[in-house]
1. Before we move on, is GLU67 under 24 Å from ARG224 (Cβ atoms), of a type in the set (Asp, Glu) and either assigned by TED's automatic domain parsing to the domain that holds GLU264 or part of a helix (DSSP H, G or I) (or both)?
2. For the range 356-381, how many residues meet the condition of being within 14 Å of ASN461 (Cβ to Cβ) and of a type in the set (D, E, K, R)?
3. Please work out which one of (1) of a type outside the set (S, T, N, Q); (2) surrounded by 18 or more Cβ atoms within 10 Å (Cβ to Cβ); (3) within 14 Å of GLU264 (Cβ to Cβ) is the condition ASP206 fails and give its number.
4. Please find, among GLY223, GLY234, the residue that is at pLDDT below 90 and not hydroxyl-bearing (Ser, Thr, Tyr).
5. Would you mention how many residues in the range 90-125 are in contact (Cβ under 8 Å) with a residue 40 or more places away in the chain and more than 18 Å from ASP58 (Cβ to Cβ)?
6. From the residues in the range 183-215 that are among the acidic types (Asp, Glu) and assigned to a loop (DSSP other than H, G, I, E, B), which one is farthest from the chain's Cα centre (by Cα)?
7. Residues of the range 225-284 being closer than 24 Å to ILE306 by Cα, touching a His at 6+ places or on another chain (Cβ under 9 Å) and either surrounded by 16 or more Cβ atoms within 10 Å (Cβ to Cβ) or aromatic (Phe, Trp, Tyr) (or both), which ones?
Amino acid sequence: MNAKSLESLLTMYKEILEKIELGVHVIDSNERTVIYNQKMREIEGMDIEDVLDKNLMDVFDFGATQESTLLQVLKSGESIQNVKQSYFNNRGQEITTINHTFPIEENGIVIGAVEIAKDVTKLEKMIQENMYKKDDIRYTFDQILGENPLLKEAIETGKRAARTASSVLIIGEIGTGKELFAHSIHNGSPRADEVFLSQNCAALPDTLMETLLFGVEGEGTEGRPGLFEQAHGGTILLDEIDSLSPALQTKLLKVIQEKKVRREGGKTDIFVDVRVLATISEDPIDAIAAGSLRKDLYYRLSVVSIFIPPLRERKEDIDLLTSVFIEKYNHLFGMEVSAVNEEVKNYFQEYDWPGNIRELEHVIEGAMNLMDHEEVISFDHLPIQFRNKSGSGGLPSNLERVEGFLYQPAKAILPLDDYIQEAETYYITKALQHHDFNVTKTAKALGMSRQNLQYRIRKYNIGKAINL
């Protein structure tokens, strides 16, 4: 091979190393880094200048109880695979990886070591953040409030399903309370005293999600059990099940059918007795047609299907839910708000609530944050982002919009100063929204100084309303 061909080959090797989605770290016989690819730099949060041609132990801290897997392999000449390692970079940030580490030999002599690493730093945090022990949350069907017939039917279906160990698919838009139903099913079941684990399937990429669900085997370590092992005897909730890739859905289906899991890198199957609940935010038939949900997994999960109606289809429950949320935030904020006024009540009935019950709760919480000593929530107390969805642009109820930002009194003529203040408030608010609440850009567009605009924002209390 001539020099030009060799140079081209080296360029190709370099490009491949930089593009692969696994970290690659190579040290020579002097423990100095000679290869450190892009993915490894991302995993460890380091620049190439921080690591390349430097002694490994001068850059990373492996603590007093463990040794770098790279150094272990360099010294022993033997491979180490599927080992979890936690260590710190030069800024003291903790990193956790699953490593496959191999010696590099030349003429029978070890001249270096290469480590292929998968980042599980986020996974370690997610395991703690997504685990709910049996005593943490005790939601029951009694806490699902409403008189809507479709809601009552969903509750009755959930109560009947709680008596068995069958899989349940909970179908409902975002914010309708799917997780509340899942907790209620678990807490009404014979497994109520066992563990309940919940995992959002859209929270992590597939490579980490697989490890989180099914675990990873370790050589010379105990490895990491997945959520299915941890939920043995209890219940696991898989939220947004259609976010998993088809390949991972296939593996999940096999685990549900066979009641066995095999850890990543493992050679033996582990029996698991787990009840599976799953949620999806769209019609599962549409998800199957779009290719985001496997048909066979759908049939396995939907032994029982529960359809939760959106809030726009159960508006008779809005007044009750409003009262419940007011009482909740009275307790949290030490307030004594009694109700919403008729204008707000009527608007709540007209609004479509795309964010469902969760949106209603956030609106009540936001409104009570803007109140002083008032006892009744008025339209002006509602968060401005919500008011602007109404089509009135957040205008006071006694005004009607005409052309552009101009509007006129609907019931009575306002004093000119009040009218000008209302108009200026409205126009500044709209200008801020148009420029994504960037004060500098808004001031320039309005032809005034930044200081002048900030004065008006404070004067008309616009900043408080839009959290500037």
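The values are calculated or read from the model by the stated rules, or taken from the named source; none is laboratory data. Not measured: the values here are computed from a predicted model. For neighbour counting, all protein chains shown are included, and Cβ atoms are generated from backbone atoms with ideal geometry for every residue, glycine included.
1. No: the conditions fail for GLU67.
2. Number of matching residues: 2.
3. (2)
4. On the way: GLY234 fails: at pLDDT below 90.
Only one candidate passes the filter, namely GLY223.
5. Residues of the range 90-125 that are in contact (Cβ under 8 Å) with a residue 40 or more places away in the chain, as a first pass: 90-91, 93, 95, 97-98, 104, 110-123.
If we keep only those that are more than 18 Å from ASP58 (Cβ to Cβ) as well, we get 97-98, 104, 110-111, 114, 116-123.
Of the residues in that region, 14 qualify.
6. Going residue by residue through the range 183-215, those that are among the acidic types (Asp, Glu) are 193-194, 206, 210.
From what's left, assigned to a loop (DSSP other than H, G, I, E, B): 193-194.
Working: ASP193: 27, GLU194: 25 Å.
Here the residue is ASP193.
7. Passing the criteria: GLY234, THR235, LEU237, VAL274, ARG275, LEU277.
Residue-by-condition table, conditions (1) closer than 24 Å to GLY223 by Cβ; (2) not small (Gly, Ala, Ser):
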residue: ASN2; (1), (2): no, yes
residue: GLU7; (1), (2): no, yes
residue: THR11; (1), (2): no, yes
residue: VAL26; (1), (2): no, yes
residue: LYS54; (1), (2): no, yes
residue: LEU70; (1), (2): yes, yes
residue: SER86; (1), (2): yes, no
residue: ASN90; (1), (2): no, yes
residue: HIS100; (1), (2): yes, yes
